[in-house]
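The values are calculated or read from the model by the stated rules, or taken from the named source; none is laboratory data. Computed from a predicted model, the values in this text were never measured in an experiment. Cβ placement follows ideal geometry from the backbone for every residue including glycine, while neighbour counts extend to all protein chains displayed.
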Amino acid sequence: MTTNASIERIRALAQEGEQEIIALRRHFHANAELSWEEVETSKRIAEELKKVGFENIRIGFGGTQCGVTAEISGAKGKCVALRADIDALPLSEENETEYRSKNKNVMHACGHDAHTASLLGAAKILAQIRKDLKGTVRLCFQPAEESGSQSGARVMLEEGALDGVDSIFGLHVFSNIPSGMVQYRSGPIMAAADGWELTITGKGGHGSAPEEAIDPTIAAFQMGNAFQSIISREVSPKDTAVLSVGGITTSSDVFNIIPERVTMKGTVRTFLPEVQDRVESAMERVTSSIAEACRCKAELKYMRFLPATVNTPELALLVQEIAEELFGAEHVEEAPLTMGSEDFSYYSYTGHIPAVFAFLGVGCPEKQGTTNPHHSPKFDLDEAQLYKASALYAAFAWKALENS
Ligand SMILES: [Zn+2]
Ligand SMILES: [Zn+2]
């Protein structure tokens, strides 16, 4: 069997399954569940996998009934993992579609319903080409992508869900990418997300008598400026970093009081660990020296939430190759760097698994709501692209095993 024949077969099988994939997406959309509460979602996933002959079905991670892994094997060989995240967000849906969320204040507003349905579509394809698989494919339906420090990826790794895996592929649909466009990238693709909290303590007093107080707002103003100088003067212009202040509060909120305390919080986004280290240590230096100059005390708490998502070059090339073969080179392009982040990053960063993450466009200006931003109560997506996600998943697994 030639490569082309099989890529074509995978595309044809994906197209055949299109209506089923859309129906599943609508089911998951209507029955959206929050991070670490994806119990019914997981049950349904396991049922679908059993139906098409998957084995070693494991349900429940992190002491919950959430998350599913399952395997299908052809010949003896390596193991490729395919990952979909399955959780929704605490939002009240404002769309009026027939498949709108039935669960109050829970909505699939990031497209994880599409990932879940597409990976189930891929499961069916893989079952149909099982005899051509030169190894094992492990599907990984991951809970709690949206839950920050309670990351489902981290828990699945810790609990051995990815043990024995030689490479892993994941994708995200995006409403700001034109429908049907596949984006790949070698090396970093999504940023590391860090958070920080800063408390500056002075000495409160009367607004008319600053000489009797120690004003922490003066230190805060200077620190806010100095933070932006870290980005412009200490990070190479060839690299990328963002430092944003998301909140400033003072211990008093009165016009004639110098507050005792100022608290600030914000985020830092970077792609390279050395840049991340540099920003963190510069923030420590700047806050403690400005505090000293202003006779205040500063306490900086710097938190590393999610590492950067970094794609293994050979696997990124493989995604480009199969996407071009599946859909034509005009529908494939290099992804720009994205300052957003993904807990898929744990698989390569913590798990040391060769990994690749790709994007699929689902924004179509002619289809209502499909270009609305992710995490908006009016988010929707172009379902006509979902079979392509299934084809990408299945083709990646088949081809990665073929090459191994
Ligand atoms: Zn999201
Ligand atoms: Zn997402």
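Just the residues that are hydrophobic (A, V, I, L, M, F, W, C) and surrounded by fewer than 20 Cβ atoms within 10 Å (Cβ to Cβ), please, taken from region 1-33.
Residues satisfying the conditions are 1, 5, 12, 22, 23, 30.
Considering every residue within region 148-157, establish whether at least one is within 16 Å of ligand 1 (Cβ to nearest atom), under 23 Å from residue 352 (Cα atoms), of a type in the set (S, T, N, Q) and surrounded by fewer than 22 Cβ atoms within 10 Å (Cβ to Cβ).
yes
Run down 359, 379 and say which single residue is buried (at least 20 other Cβ atoms within 10 Å of the Cβ), assigned by TED's automatic domain parsing to the domain that holds residue 107, within 16 Å of ligand 2 (Cβ to nearest atom) and in a strand (DSSP E or B).
Going through 359, 379 in turn, just one is buried (at least 20 other Cβ atoms within 10 Å of the Cβ), assigned by TED's automatic domain parsing to the domain that holds residue 107, within 16 Å of ligand 2 (Cβ to nearest atom) and in a strand (DSSP E or B): 359.
Of these, 73, 101, which one is within 16 Å of ligand 1 (Cβ to nearest atom), of a type outside the set (Asp, Glu) and over 20 Å from the mean Cα position of the chain (by Cα)?
Sole residue among the options that is within 16 Å of ligand 1 (Cβ to nearest atom), of a type outside the set (Asp, Glu) and over 20 Å from the mean Cα position of the chain (by Cα): 101.
Select from region 195-214 the residues that are farther than 9 Å from residue 258 by Cβ and not acidic (Asp, Glu) and list them in ascending order.
If the condition is that a residue be farther than 9 Å from residue 258 by Cβ and not acidic (Asp, Glu), then 195, 196, 198, 199, 200, 201, 208 are the ones that fit.
Go over the candidates 345, 390 one by one and state the one that is out of contact with any helix residue (DSSP H, G or I) (no Cβ under 7 Å at 6 or more places or on another chain), in the same structural domain as residue 160 (by TED's automatic domain parsing), at pLDDT 95 or above and buried (at least 23 other Cβ atoms within 10 Å of the Cβ).
345
Considering only residues that are in contact with a helix residue (DSSP H, G or I) (Cβ under 9 Å, 6 or more places away or on another chain) and free of Cβ contacts under 8 Å to residues at least 12 places away in the same chain, which ones fall in region 28-62?
Result: 51, single match.
Being in contact (Cβ under 8 Å) with a residue 40 or more places away in the chain, over 15 Å from residue 61 (Cβ atoms) and among the acidic types (Asp, Glu) is true for just one of 159, 146. Which residue is that?
Only one candidate qualifies: 146.
Return the only residue of 234, 321, 280 being out of contact with any Gly (no Cβ under 9 Å at 6 or more places or on another chain) and farther than 30 Å from residue 145 by Cα.
The unique qualifying residue is 234.
Determine whether region 363-375 contains at least one residue that is crowded, with 23+ Cβ neighbours inside 10 Å and touching a Lys or Arg at 6+ places or on another chain (Cβ under 9 Å).
No; the residues of region 363-375 include none that is crowded, with 23+ Cβ neighbours inside 10 Å and touching a Lys or Arg at 6+ places or on another chain (Cβ under 9 Å).
For residues that are away from ligand 2 (no atom under 16 Å from the Cβ) and not in a loop (DSSP other than H, G, I, E, B), scanning just region 133-147, find the one that is surrounded by the fewest Cβ atoms within 10 Å (Cβ to Cβ).
135
Out of the residues in region 103-132 that are assigned to a helix (DSSP H, G or I) and basic (Lys, Arg), state the one that is farthest from ligand 2 (Cβ to nearest atom).
In this case the residue turns out to be 131.
Restricting attention to region 120-129, does a residue exist that is in contact with a Lys or Arg (Cβ under 8 Å, 6 or more places away or on another chain) and of a type outside the set (Lys, Arg)?
Checked region 120-129: at least one residue is in contact with a Lys or Arg (Cβ under 8 Å, 6 or more places away or on another chain) and of a type outside the set (Lys, Arg).
Residue 177 - would you say it is within 16 Å of ligand 1 (Cβ to nearest atom) and surrounded by 18 or more Cβ atoms within 10 Å (Cβ to Cβ)?
yes
Okay, residues lined up against (1) closer than 25 Å to residue 329 by Cβ; (2) in contact (Cβ under 8 Å) with a residue 60 or more places away in the chain:
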position	(1), (2)
163	no, no
180	yes, yes
183	yes, yes
193	no, yes
205	no, no
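Examine region 164-171 for a residue that is buried (at least 20 other Cβ atoms within 10 Å of the Cβ), hydroxyl-bearing (Ser, Thr, Tyr) and within 16 Å of ligand 1 (Cβ to nearest atom), and state whether such a residue exists.
no
Go through (1) among the hydrophobic types (A, V, I, L, M, F, W, C); (2) touching a strand residue (DSSP E or B) at 6+ places or on another chain (Cβ under 9 Å); (3) surrounded by fewer than 19 Cβ atoms within 10 Å (Cβ to Cβ) and name the single condition residue 221 misses.
The one condition residue 221 does not meet is (2).
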